[in-house]
Structures are given as C-alpha cells and as structure tokens.
Amino acid sequence: MTAAMKRMQVAQFKRDLSQVLDAAERGEQVVVVRRGKPVALLSPVAKGEGRARLPAPRRPGGLLALAGLLADWTSMEEDIAEVIAARQHVRDRPTTDLG
C-alpha cells in the first residue's frame, strides 16, 4: 500500500460511497478495511480501458436460473390456480390473524 492510498473503514465507505467514487474519478485509490485488515481496493479504471469485463458465470444461478425455469413452464397459470383452489378447501389449515 502506497502513502497516496487512503484507508477507510467499511461503515465510512458505505456512508461516503459517492465521494469515494468521485475520488476514484480523480485518480485516487482507497483501501477498505474491516477490523483493521485490508479487504478491498477501489481504484480508478485505467484510461482507455473503459468498462471492465467481468467473467461470465459458468452456469446460471439465483433468480436468473429461476427465470429460465419459469420460461419453460407452459401450464403455470393452470397449475397455480389448481393449487389455490385446493388450498381454499382445506379445513385444518390455521386461519391468518390480521389484526
């Protein structure tokens, strides 16, 4: 870590993110520390480099995977209606207390 780098606690980094990004645009670097240990380095993107390319995920995960599954579910509306209708006729289900 060079003397020009600023150190910043995570809470301060989150609070002052806009100012930290402004500093990065001016060429400054910030080391984010948690409990006194460096955990991240925010630095400006090199001129002419543009937007950094992120690695492509090996396989979809999270909501992206779910969206892909839902796209192939052709009878979704009918299936959901069937589940709702079946649940409305169940008598041993506890009632919801809204008040």
Any pair with Cβ under 8 angstrom, 6 or more apart, that starts in the stretch 21-50 at a residue that is under 11 Å from residue 6 (Cα atoms) and ends at one that is assigned to a loop (DSSP other than H, G, I, E, B) and modelled with pLDDT of 90 or more: 41/29; 42/29; 43/29
Residue in the stretch 7-22 that is farthest from the chain's Cα centre (by Cα), counting only those that are basic (Lys, Arg) and closer than 13 Å to residue 42 by Cα: 7
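The values are calculated or read from the model by the stated rules, or taken from the named source; none is laboratory data. Bear in mind that the values here come from a model prediction, so they are computed numbers and not experimental data. Positions of Cβ are generated from backbone atoms using ideal geometry, with glycine treated the same way; all protein chains shown enter the neighbour counts.
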